[in-house]
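Chemist: Structure provided below as structure tokens; questions to follow.
The values are calculated or read from the model by the stated rules, or taken from the named source; none is laboratory data. This one's a predicted model, so the numbers in the text were calculated from it and none came from an experiment. When we count neighbours, we look across all protein chains shown, and the Cβ atoms used for this are built from the backbone with ideal geometry, even at glycine. Quick note on the areas: whole protein, heavy atoms, side chains included, nothing else; ligands and nucleic acids left out. Shrake-Rupley method; radii C 1.70, N 1.55, O 1.52, S 1.80 Å.
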Amino acid sequence: WRTGIEQATFLSGYAVTIIATVSLILLHRAGQEQQLRLLAGTDALTGLLNRRSFLASAAQALEANVPVAALMLDLDHFKAINDRYGHPVGDAVLREVAATLVAGLRRDDLLARFGGEEFAVLLPHTGAQTALAVAERLRSAVATQRSNPGELRYTVSIGIATATGDAPLDVLITEADRALYAAKRDGRNRCVLMAVPELIDGTADAHQSTGGNTSAQAGRLP
């Protein structure tokens, strides 16, 4: 009987070892798959969401009859930075801007590197005036940054579109893009707020521009 108990003990220990080994292999594989999914959804340079992940997450964040804002941000004269200082410095600037934007946003806000020197933000549960205030805070924070060599300074232009979650995401982003182009056209280093048809606050026919300490009202862009 002693031999039988010893055999049973050995077999049970062997089985536990096999189960533990298989479990570790599965956990390791699950961790690798999760890491791969994370890498596939983030920008390698800045660690932010990439365009595809942002669009998927933003679409899920929209809620009917709830205000939402989209921001499109673009570094001003970024090509000149790359041409003068080289791409490593340009990459450092992009990382610095990404960190500055993260620090200025709330936990539930979505931020992505949309491509090149362009960034995108979705502000859930945010109306027009709050979105404009957030954008101005981000613009000001970036403008105060300094990057070596030579105390390099840089700025961003920001386009803002606000609506309710009933508005299609592509429309919201398109309007924010149009506002961004307006900010570039009006002199850069400024924020422009653009209306979409479903805009709240009764301002469906206006856009607002701010740059530095100035602000002005103007008619809707063509």
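Chemist: Count neighbours as other Cβ atoms within 10 Å of each site's Cβ, and list the trypsin sites (Lys or Arg not before Pro) in segment 120-174 that are DSSP loop with at most 10 such neighbours.
Modeler: In loop regions of segment 120-174 (DSSP not H, G, I, E or B), the sparsely surrounded trypsin sites (Lys or Arg not before Pro) are Arg146.
Chemist: Counting heavy atoms of the protein chains only and a 1.4 Å probe, report the per residue accessible area for segment 101-146 as a whole number of Å².
Modeler: Per residue, segment 101-146 has 43 Å² of solvent-accessible surface.
Chemist: Hey, another quick one. Label segment 38-144 by shape, choosing from rounded, prolate and oblate, from the square roots a ≥ b ≥ c of the eigenvalues of the Cα gyration tensor; if a/c is under 1.5 it is rounded, and otherwise prolate applies when a/b is larger than b/c, oblate when it is not. Numbers along the way, then the final one.
Modeler: Numbers: a/c = 2.48, a/b = 1.50, b/c = 1.65.
Taking the square roots of the gyration eigenvalues as a ≥ b ≥ c, segment 38-144 is oblate.
Chemist: Leaving ligands, DNA and RNA out of it, report the carbon-plus-sulfur percent of the accessible area of segment 47-87 at a 1.4 Å probe.
Modeler: The nonpolar share, carbon plus sulfur, comes to 51 percent.
Chemist: By average Cβ neighbour count within 10 Å, what is the ranking of 163-172, 110-119 from highest down?
Modeler: 110-119, 163-172
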